[in-house]
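**Q** Can you read through this structure? Questions will come right after.
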Amino acid sequence: MVRWRIVQGGQGAGRGSSGWWLASLAAGLPGVGLVVAAGNAGLGSALGLTLAGGGVAALAAAALAIQPIIDRATLARGDQLAEAARAYLARALLARSLQDLQLELEAMAQRTLGVSRTLLIVPAAEGGVRVLGADVPASALEDAEAAFTWLGGHAEPASLGYLAQIGSEPGPAATSALMTRLGAAVAMPLLHRGMLLGVAMLSAPSRPPPDEQTFFRILGAHTTVALANSYLDAEARGKGTLSKDLDLASAMQEAIMPDERPVRRPGFQLRGAFRPVAECGGDMWSWAELGNGKLLIFVGDATGHGAAPAMLTAVAKGALETARQVLGDDLDPAELLSAMNRAVHRAGRTRYLMTGFAAVLDLTTGELKVANAGHNFPYVVQRGDSSGRRAKLEQIIARGNTLGAVAEASYTTSSRTIAIGEKLVLYSDGIIDAGAPQIEPFGEKRLRAALLGLADQSAPRTCEGVMAEVDGFLANRPTADDMTLLIVERLAETAPVTAPKATTEFDGGAA
Amino acid sequence: MIVPVLCGVGALAVWGGVVAARWAKVSRGTARSGANEQALADFVVRSLALPGLSQVLAEAAATGQAAFGATSAAIFEPGAKEGLWDVWAPGPRPLDPVGESSRAVFGWLRHNAEVIVLGEVAGPRFGAMRIPLGELSQRYGVDVLLPLVDRQQVIAILGLSLGRKPTPLERRLLEDLRVEVTAAAANVRLHREAAHKLTLEKEVDLAGAVAQALAPLRAEASQGRWSWVGHVRSAGQVGGDFWCSYEVEGGVLVVVGDVIGGGLGGSMISAAVKSSCDAFAAAGVVDPATLLAGVNRAVWRPGKQFHVTAVALYFDEASGEVAWANAGHPAPYVTAAGDERPGALLGWGAMLGESEGSEYVTQRRSLASGDTVLMHTDGVPEAMNPERVAFGERRLQRALAAVRDQSLPRARDQILYAIEAWKNGVPATDDELFVLVRAK
């Protein structure tokens, strides 16, 4: 009779099949013995010898025929277990509930290890824990916290034997006591990225794995990933709806911002660019013709980026547009900032603030009135000329409180002149901080160099050029803050600028 | 005698030869198996500690190379834009972008999530995919594809270059590797998505808090001859319905509005509208038609599509009149002593945001002591019961008539109760808002 010798261990190369071939040889040895005996017995045994030789040949042929089956049957025990663990993983990943997962683990442990009891202990929605796989009295789980705490910190499977070895510390002792009460011999903590998702426990296996620690570690990891993926899937559900909501908010924010296409009107041309880093941004920019040849421009930057600052920009925009209508061509930048401050303070409740720079340019006289609410100082770019005058940058220094810091704030309007052909550059700090914190930021120096390099270009081309410089600097690296750039150029054309349509006189009187 | 013995010895020699050859073959085979097993055994254990998808995929590629002797690996991932794929190899040098024909393969793999040996694509299973699969093999030098598909979503595809046909045992182990890498990659992806969802939830909550800050400071108030109460409940985390009340000199101004679309985007528009209303009220603009026309100009953008319905009412202290103008909003109701059914304050006008120069008309009527005006958004009459029947304008009018003699807070609670009783537990699908103003 052939006795299949299964080599235990499975970590070394070829142990499974070599085991089978050893067994085959052992089965063939009686045949060899028979040949030798027949040789000694003389001619009368010729038939027997022939039969013996034929039998050996038949055995070899049969061996070849059944080889694939034998290959599989004689996989090393360790390899078999590894395969069973992977098959379990494939099924566990499809489990629709925790009960399903426990049943899959139970079936695998029973079939492969001869385990009679498989428990899956997970946190219960109502607090405490629930045990899947057996009816366990509540008393059995008393004082389980110490065991779970220890298992969570230990992060390795623990058997009763191992627990007995490591002494009588409170953690191992509590774990050992809990396992004994639950009829378990092995506990596998299901630890996922530092969080204990549950504990799987098995009774003593009748066919223990050759390397228990390794096998139970793998089994625990497979159970962990199935359990974690199930939990995470449930947690991530609804993300699509939220993303769509934010996408819609982003579209709405875009809708309340000006069009980014270049604008050329009598007396001026401009272009703005707005690049939020998230779905929604905290920057805003705006321009409007106030009538009587006056142009309002504004750039603001709310605290942080995302939906909440974007909401604040919507509030600021509402206030700005209303002030523009109410004040008309008399709009004073300081007065505008005061009105916007009230709106931002109310909505932001000092948790969100906004910096802003407002300017009104008289296209006929070139007078530029400005007021600043904690925003970056803008630049005025002067072109070079044929007489040898070099292009020049000048910063407009104006200071004032950040919008929203206090309920009522007053600002100061200062003025200067913008000559024909000069450009006014407003930007948010996302431009100069581009690249931070991962790399050294783009910085004022590069911005100034870019502006000087593009001094002879039109406002739209300068805007495109600076943004291209920033993009080239970033080289697809992410940046941390929204970027906004607005460049306005005063042109020579002095054709009268028409007042905005349908301007309403607000007399403030009762209805 | 010699012949049979020679036969026997010959047979034994043949058998021995077969045994030796088989031994050698199987030893090689099982040697490969053993190495495979070793490399695969703790893949999940190792990968669960990895922080990102690229690390898991790189680990999977390394495991594929170690376990199966693959000479190179390529990883295909869905790109940021739908329909585009990124391809990369573990190491510093990226591969060329995925070609047009290969993209069809990835779509097909979504529904064929098992190991594909590219040398076998002539089989009927591959159908029209034969040609692009062949191109893929040639372009990236891979001959085995492991599609990593979890919950009907392709996370990535791992390509290995074995340079030979895998043995049946290797094929099985490749499938095992595919399952393990899928589990680990799905874990990283889900972890990232769950974390992202938390971030989004927080973001929406914070945005909702900003929008909420623009709500009237008091839901119940009175000034002079007028008192008012409001109720608003958003169907989602943030809503597009809004109301504002302003105690201005000479009366009370109330605006009720509803952004078409709702959600965070709607909330953003309603924030701009409310802010505009605040600024107009602060500037002393109380004429409803003037206010609506101004707000419309403040929020209108050429070529941008968003619409807000709104109704503005000014309750005049001196005259006891209510003046109103309507921008496509449901008409407010008014109960007057002696009326069986509340009347409607009818009015017409374009929704805010519809066109730049929309004009509105202010209408007026007198209110006597005890008269109550109800303004609402369409979420109230459209509240559904379990039989999918809407609460309706008629029931709302009856509810208003029934509370004519109640105190204002109690009237609000009674109307709310009538709506809730109608819904009988059916969750709201739209924001619900109503405001009651009563002449003392």
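**Q** So, in the stretch A:383-411, exactly how many residues are closer than 22 Å to A:Asp429 by Cα and either surrounded by 14 or more Cβ atoms within 10 Å (Cβ to Cβ) or more than 41 Å from the chain's Cα centre (by Cα) (or both)?
**A** Residues in the stretch A:383-411 being closer than 22 Å to A:Asp429 by Cα and either surrounded by 14 or more Cβ atoms within 10 Å (Cβ to Cβ) or more than 41 Å from the chain's Cα centre (by Cα) (or both): 12 in total.
**Q** A follow-up question, please. Here is a list of conditions, (1) buried (at least 18 other Cβ atoms within 10 Å of the Cβ); (2) under 36 Å from the mean Cα position of the chain (by Cα); (3) within 14 Å of chain A (Cβ to nearest Cβ), and B:Leu173 meets all of them except one; can you say which number that is?
**A** So B:Leu173 meets the others, but not (2).
**Q** Hey, among the residues in the stretch A:79-98 that are facing chain B (nearest Cβ under 10 Å) and of a type in the set (Gly, Ala, Ser), which one's nearest to A:Asn229 (Cα to Cα)?
**A** A:Ala92
**Q** Among the residues that make up the stretch B:88-104, is at least one of them at pLDDT 75 or above, in contact with a strand residue (DSSP E or B) (Cβ under 8 Å, 6 or more places away or on another chain) and over 30 Å from A:Arg193 (Cα atoms)?
**A** no
**Q** Restricting the search to the stretch A:99-118, which residues are of a type in the set (A, V, I, L, M), touching a Leu at 6+ places or on another chain (Cβ under 6 Å) and under 22 Å from A:Ala228 (Cα atoms)?
**A** A:Ala109
**Q** Continuing with this model, one more query. Those residues that are closer than 27 Å to A:Val326 by Cβ and either in contact with a strand residue (DSSP E or B) (Cβ under 7 Å, 6 or more places away or on another chain) or among the hydroxyl-bearing types (Ser, Thr, Tyr) (or both), I need them from the stretch A:247-259; list them, please.
**A** Once the filter is applied, which keeps residues that are closer than 27 Å to A:Val326 by Cβ and either in contact with a strand residue (DSSP E or B) (Cβ under 7 Å, 6 or more places away or on another chain) or among the hydroxyl-bearing types (Ser, Thr, Tyr) (or both), the stretch A:247-259 yields A:Met257, A:Pro258.
**Q** While we're on this one: Of all residues in the stretch A:196-214 being more than 10 Å from chain B (Cβ to nearest Cβ) and part of a helix (DSSP H, G or I), which is farthest from B:Asn187 (Cα to Cα)?
**A** Going through the qualifying residues, I end up with A:Glu212.
**Q** Is it true that A:Arg217 is among the charged types (D, E, K, R), within 37 Å of the chain's Cα centre (by Cα) and either at the interface with chain B (Cβ under 8 Å from one of its Cβ atoms) or surrounded by fewer than 18 Cβ atoms within 10 Å (Cβ to Cβ) (or both)?
**A** For A:Arg217, the condition - among the charged types (D, E, K, R), within 37 Å of the chain's Cα centre (by Cα) and either at the interface with chain B (Cβ under 8 Å from one of its Cβ atoms) or surrounded by fewer than 18 Cβ atoms within 10 Å (Cβ to Cβ) (or both) - is met.
**Q** Considering every residue within the stretch A:255-262, establish whether at least one is in contact with a helix residue (DSSP H, G or I) (Cβ under 8 Å, 6 or more places away or on another chain) and modelled with pLDDT of 90 or more.
**A** Yes; the residues of the stretch A:255-262 include at least one that is in contact with a helix residue (DSSP H, G or I) (Cβ under 8 Å, 6 or more places away or on another chain) and modelled with pLDDT of 90 or more.
**Q** Quick one: is A:Leu295 of a type outside the set (Gly, Ala, Ser) and in a strand (DSSP E or B)?
**A** It is true that A:Leu295 is of a type outside the set (Gly, Ala, Ser) and in a strand (DSSP E or B).
**Q** Suppose we filter the stretch A:306-352 for residues that are outside any helix (DSSP H, G or I), within 12 Å of chain B (Cβ to nearest Cβ) and either in contact (Cβ under 8 Å) with a residue 60 or more places away in the chain or of a type outside the set (D, E, K, R) (or both); how many remain?
**A** Residues flagged as outside any helix (DSSP H, G or I), within 12 Å of chain B (Cβ to nearest Cβ) and either in contact (Cβ under 8 Å) with a residue 60 or more places away in the chain or of a type outside the set (D, E, K, R) (or both) within the stretch A:306-352 amount to 3.
**Q** Output the qualifying pairs, or none if there are none: Cβ atoms under 8 angstrom, residues six or more apart or on different chains, first residue in the stretch B:160-176 and closer than 21 Å to A:Ala90 by Cα, second residue among the basic types (Lys, Arg).
**A** B:Leu169/B:Arg32; B:Glu170/B:Arg32; B:Asp176/A:Arg86
**Q** Which of the residues belonging to the stretch B:120-136 are over 37 Å from the mean Cα position of the chain (by Cα), within 23 Å of B:Gly64 (Cα to Cα) and at pLDDT below 80?
**A** B:Val121, B:Gly134
**Q** Between a residue in the stretch A:207-225 that is of a type in the set (S, T, N, Q) and any residue that is assigned to a helix (DSSP H, G or I), which pairs come within a Cβ distance under 7 Å, given they are 6 or more apart or on different chains?
**A** A:Thr223/A:Ala92; A:Thr223/A:Leu105
**Q** Another question, if that's okay. Quick check on B:Leu416: is it touching a Pro at 6+ places or on another chain (Cβ under 7 Å) and surrounded by 15 or more Cβ atoms within 10 Å (Cβ to Cβ)?
**A** no
**Q** Please go through the stretch A:298-310 and pick out each residue that is touching a strand residue (DSSP E or B) at 6+ places or on another chain (Cβ under 9 Å) and either more than 21 Å from A:Asn372 (Cβ to Cβ) or crowded, with 24+ Cβ neighbours inside 10 Å (or both).
**A** A:Phe298, A:Val299, A:Gly300, A:Asp301, A:Ala302, A:His305, A:Ala308, A:Pro309, A:Ala310
**Q** Please determine, by comparing only the residues of the stretch A:229-253 that are buried (at least 17 other Cβ atoms within 10 Å of the Cβ) and farther than 28 Å from A:Leu98 by Cβ, which one is farthest from the other protein chains (Cβ to nearest Cβ).
**A** Only one residue tops the list, namely A:Ser250.
**Q** Looking at the stretch B:142-170 only, could you name the residues that are away from every other protein chain (no Cβ under 14 Å) and among the acidic types (Asp, Glu)?
**A** B:Asp143
**Q** Starting from the stretch A:254-268, take each residue that is more than 14 Å from chain B (Cβ to nearest Cβ) and over 18 Å from A:Lys294 (Cα atoms) and list its partners that are crowded, with 16+ Cβ neighbours inside 10 Å and at pLDDT 90 or above, counting only C-beta distances under 6 angstrom and pairs at least six apart or across chains.
**A** Qualifying pairs under 6 Å: A:Pro262/A:Arg271; A:Pro262/A:Pro460.
This table checks each residue for (1) within 14 Å of another protein chain (Cβ to nearest Cβ); (2) at pLDDT 95 or above.
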residue	(1), (2)
B:Ala298	yes, no
B:His307	yes, no
B:Ala310	yes, yes
B:Ala331	no, yes
B:Ala336	no, no
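**Q** Can you tell me which residue within the stretch A:132-190, out of those that are in a helix (DSSP H, G or I), within 37 Å of the chain's Cα centre (by Cα) and β-branched (Val, Ile, Thr), is surrounded by the fewest Cβ atoms within 10 Å (Cβ to Cβ)?
**A** So, considering only residues that are in a helix (DSSP H, G or I), within 37 Å of the chain's Cα centre (by Cα) and β-branched (Val, Ile, Thr), the one surrounded by the fewest Cβ atoms within 10 Å (Cβ to Cβ) is A:Thr149.
**Q** Has the stretch B:183-195 got any residue that is farther than 30 Å from A:Thr241 by Cβ and surrounded by 24 or more Cβ atoms within 10 Å (Cβ to Cβ)?
**A** no
The values are calculated or read from the model by the stated rules, or taken from the named source; none is laboratory data. What you see is a predicted model, and the numbers here were worked out from it, not measured in a lab. Cβ: placed from backbone, ideal geometry, glycine included. Neighbour counts: every protein chain shown.
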